[in-house]
Amino acid sequence: MNNITRNFRLIRNFSHVNSVPVLPRKSYFKNIFTRYHSRTHLNISTKNKLNIIEEPMKEMEHYEIHYFNSYNHHVRTRSYMNAITQNKHLFKDKIVLDVGCGTAILSMFAVRAGAKHVIGVDMSTIIEKAREIVEVNGMSDKITLLQGKMEEVEMPYPKVDIIISEWMGYFLLYESMLDTVLYARDKYLVSNGLIFPDKATLFMSGIEDGEYKDEKIGFWDNVYGFDFSPLKKTAMTEPLVDTVEIKAVVTDPTAVLTLDLYTCTTADLAFSSPFTLDCRRDDFVHALIGWFDIEFSACHKPIRFSTGPHTKYTHWKQTVFYLHDVLTVQQGEQIKGVLENKPNEKNKRDLDIKISYKLITDDANRKAEGSCEFGMC
């Protein structure tokens, strides 16, 4: 993250008189600053807002906060649990590798499903807590936890039968561990081995979001009485990770990327995908949003979960890309465009994104097209 972006976020997060970015959840453990600005506003003083955020976290390490929050997202955790424990015939007596094991909850699901042994690998110091968790659950003889990079650790087994991993990031690929999973697949997975999950699909749609776009961009016109409008351009190039209400969705969704983890390569993480969005109703389109679906297809009964606006909340939410133009659309019209994505040259887990778009209409007064560049960093 460069200094301009860092300072931009500090100003945005701490200068807004009427709002503070927090997660829209009742539990105070989840009232922490999000990486991107949130629509949720609390009608209290800035000092009290900061106290609400900081007080519950004082006794928790940063990595503990991250994993505490992640396991409170029931859609994701329950999907993994069901995919593993409801398919004991696949896990019985198998050697399992848990890539990015965190607190080892997936490793313990695998043991519960009958795995012979599980190797969990994670770079974070959370692995120290994971060892304690594994021990108190009586699984130390079944789970080996290794701290370090997947590419550098010394594995106790030359090959594994199954790879499990919660590798997905915002917009599927931002800060994801997919490249690490693919490395583990190529080096350690036996022929005909299994990957949980094994399929991911990235979707896009158009939304009406005029009020919040005006707030997000117009905010810079008056920051405590000062004109910060030169930062508007920066604000437009930074996507937001946020929860979008289904009623805001104006177009049908379309798939822009499908990954099969048995066959995809790191080269597939850079892609250019054309898309067509069919408009459901007469409305305005201020932004495009992205989300992803995940599938465990090896199960006897396939298990899936979605991070879209039509489903239950997940911590991935949706990713919002504001367009330069406001598109005035009518039912039956189409928005055509191209989504280009590639890993950032300086940090491969950051993303450089370009979206080109064009409203297909017979009305010359409403025709619009353009392109926007975004950075997720």
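Side notes on the structure shown:
- Here's the list of aspartates and glutamates a cross-link from Lys367 could span, going by alpha-carbon distance under 15 Å and ignoring same-chain residues fewer than 8 apart: Asp282, Asp283, Asp325, Glu333.
- Residues of the range 248-268 falling in the label zone of Lys336, defined by backbone nitrogen less than 20 Å from a point 7 Å along Cα to beta-carbon, are 251-257.
- For the range 366-377, 3J(HN,Hα) per residue [Karplus equation, 6.51 cos²θ - 1.76 cosθ + 1.60, θ = phi - 60°, Hz, x = Gly/Pro]: 10, 5, 7, 7, x, 8, 10, 10, 10, x, 9, 8
- Computed extension length for Glu345-His89: 87.9 nm, one decimal, from 0.36 nm per residue of separation with the Cα-Cα distance subtracted.
- FRET efficiency, 1/(1 + (r/R0)^6) with R0 35 Å, evaluated for Asp186 and Lys247 via beta carbons: 0.20
- A DSSP coil position with no more than 16 other Cβ atoms inside 10 Å describes the following GluC sites (Glu not before Pro) in the range 85-173: Glu151, Glu152, Glu154.
- Cα-Cα separations in the range 69-166 greater than 23 Å, expressed as whole percent: 17 percent
- Mean sequence separation of contacting Cα pairs (under 8 Å, at least six apart), scaled by the length of the range 200-376, corresponds to a relative contact order of 26 percent.
- Protection proxy ranking, peptides 364-376, 240-252, 111-123, average beta carbon neighbours within 10 Å, highest first: 111-123, 240-252, 364-376
- One decimal place: the segment Asp352-Asp268 gains 28.8 nm when fully extended, by the rule 0.36 nm per residue minus the C-alpha distance.
Here, each number is a calculation from the coordinates, and none is a lab measurement. On a predicted model such as this, the values are computed, not experimentally measured, just so you know. For neighbour counting, all protein chains shown are included, and Cβ atoms are generated from backbone atoms with ideal geometry for every residue, glycine included.
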